[in-house]
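Please read the structure below before turning to the comments.
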Amino acid sequence: MEVIQQSWGHETLPTTIEDLPDEVLEFILSFLPPYKDLQNCMTVCKRWCACAQNVLRKTSIKLIKAVAEFNILWKNVTSTDIGPTITKRFSHAACILKNNMYIFGGCTTNSTSFNDLWMFDLSKRRWIRPLATGTYPVPKAYTSMVHYQDCLIVFGGWTYPSLSQYYQNITMFNDIHLYCVTTNKWILINATNPPPPMAGHSACIRGDEMVVFGGLVMSAAQNYQMQCSNDVWVLDIITFNWRKQQTTKPRPSPRYAQSLITLDSERLMLLGGIQTLHNRFVYSDCWILTMQGPTWTWKEIAVKNKEWASANIWCNPACRVGDMVVSLSRSRHGWNGAKPLVTSAVRLSALNRPENAPVSVRIERSLQRPLDRDQNINGRRGVLPRQPASRQPPANINNEPIAGPSNEQERDKDVTNEIPSHETNAAGPSSDLKFNNNVIDLNKKEAMRKNKTKNKGMKIVRQLQEANKYRMAAFACDSSSNNTPNENDLINQRQIAHLENRLEPYPPAAERPDVVYRQPPVIKRNTLTMHVLDISTVLNGNCMNYVSWLCPRLGDMNGAPEELVMYSLVKGNGELIMFGGVHNEIRVARFTENPQSMYSNSLHFITAPRDII
């Protein structure tokens, strides 16, 4: 027996990982996140460095192939899976720098916006909030954020005033803030010849310059009224000097919420956008900007197969993957479903306040702004109580916002028509007591007068809260003038309106026999699908003048999230990363018990299927 064991010991040869073929070693390394861990493997030896580089290259190629064939895998990471996490939001800015994804700003309601900066470690798959020093940006949404060397450049954006400032307009910014990753510090830049304050613009880096296009602007030449822009502004990052770039005509129509994609060092592609200030125009066109010479050249590119395009390209950001552009939108089977919020209830209000308007009219205008229902902003907790089902106003069939009365006469007329029958007949004759006609008329008039006073603010609040319950801050501007009324009168009037709304609450539905309690219906929500635009015809020296949408995959993809808009979509190493957003369906908003469930802080990763050897 000892002789046999000794013979086995002599025949056994030591085997290590270095004895594995390169194909097997690359397969093992492919299980590592393609970020810091894989980069650390490159420092082991020359062979490991070559294998790790092949893994990165093959991972990128596999993603391009999977996108072209619509053969992708969804992986969802919820906030409960990764411990401390970022607050739910949409209309934020996202950018990838080295091995991390950075998120800045965003909002949840008209009066809730953020100025926090979060970092998602793509290697360890966890959120980190860097507590930076320096001059922080103000809370705002709809900004642009790009990376330049080891810095993040945050520009523009807008924010709503606080709830105590009832009649102030939204504020736009043209500030430039630099966040240095190495020093963990914010720096406010004083640039020369700045553009007008803007939001909803697009920005990208070209060498030592930042190119900015379009957006919503407030120009001094137009009496600081909000308008769409199609101007091109260029920031020299070395000298921090702005210049307005001259471009040829024809050029794209003024718009905002478009996607700006870098083709090469001399060309940019413009895709989509929207204009809703005066007339509603949703754009699905495509333009190429050639950045050569003193005057840059615009050229419109034909778009083929528009029936396969993304449903809402303006509120779904586009991201380049190789020779294709990816946009996520609702699947084809959901196009004829419920009406989305972004095409109906989310409108730019553009309500101009008349000069020297009476206090009552100004109070009504302030009540048109939805209340802030965020649970975790500015130290507040809790949710406002939901109104009983029987007191809800009738549903709006067309899902359109309901405008308030324009003057007091129309408002009084509407309130009179809303008096319930049991109140108008409260002073009527009965079998026990007989009143004369004069007393009946006086009692009716008194009841009508009280109801008018009580329901002046109540009716407007109910209608506008139902129509604009989830109106997004990024699309709810008020282009009113800067006339500031007496703040004490306004505060008193608003407090009275809210107190009257809480008087004499109805008993719960379970205690009233005339009310039949119904369970909210089970909502089948639409899911996201991938839409791909083939841009190979304009890349790599090709001079064709068209791009084409590829036929999307029919049906739902396994693991695809529910339909969201106003999210961020960025490209990592061999994967696409989607974060945040807001649900895009009116019926979801109507039956949602918790308003915070309308928003998302989940991460979704799009990858290619794994190879098998």
J(HN,Hα) series, the range 55-65, from Karplus relation 6.51 cos²θ - 1.76 cosθ + 1.60, nearest Hz, glycine and proline x: 5, 4, 5, 5, 4, 5, 5, 5, 5, 4, 5
Given charges at Cβ of Lys, Arg, Asp, Glu: the range 178-323 dipole, positive-most of Pro197, Asn184, Gln246: Pro197
3J(HN,Hα) from dihedral phi, the range 228-236, Karplus parametrisation 6.51/-1.76/1.60, rounded to Hz, x for glycine, proline: 7, 10, 10, 7, 10, 10, 10, 10, 7
Other-chain or far-sequence residues with amide H under 5 Å of Tyr283's (modelled H): Gly273, Ile274, Gln275
Too-long pairs where the Cα-Cα distance tops 19 Å, listed order kept, from Lys124/Lys571; Lys185/Lys244; Lys88/Lys185; Lys62/Lys98: Lys185/Lys244; Lys88/Lys185; Lys62/Lys98
Label-point separation, Arg206 to Gln246 (7 Å along Cα→Cβ), nm: 1.6
Distance between modelled label sites at Glu23 and Trp308, nm, 7 Å Cα→Cβ extension: 3.4
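Expressed as a whole percentage, what fraction of the accessible surface of the range 22-69 belongs to carbon and sulfur atoms when a 1.4 Å probe is rolled over the protein heavy atoms?
Numbers: 1620 of 2680 Å².
The computed percentage sits at 60.
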Probe 1.4 Å - accessible area at Tyr136, Å² to nearest ten: 90
Heavy atoms of Ser310 accessible to a 1.4 Å probe, total area in Å² rounded to 10: 10
For Arg126, residues with placed amide H under 5 Å, excluding near neighbours: Asp121
Check: the range 22-69 dipole with +1 on Lys, Arg Cβ and -1 on Asp, Glu Cβ, in debye: 160
For Thr16, solvent-accessible area (1.4 Å; no DNA, RNA or ligand), Å²: 80
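The values are calculated or read from the model by the stated rules, or taken from the named source; none is laboratory data. Since this is a predicted model, take the numbers as computed values, not measurements. Reconstructed Cβ throughout: ideal geometry from the backbone, glycine too, with neighbour counts over all protein chains shown. Ligands, DNA and RNA are excluded from the accessible area calculation, which covers all protein heavy atoms including side chains. Shrake-Rupley method; radii C 1.70, N 1.55, O 1.52, S 1.80 Å.
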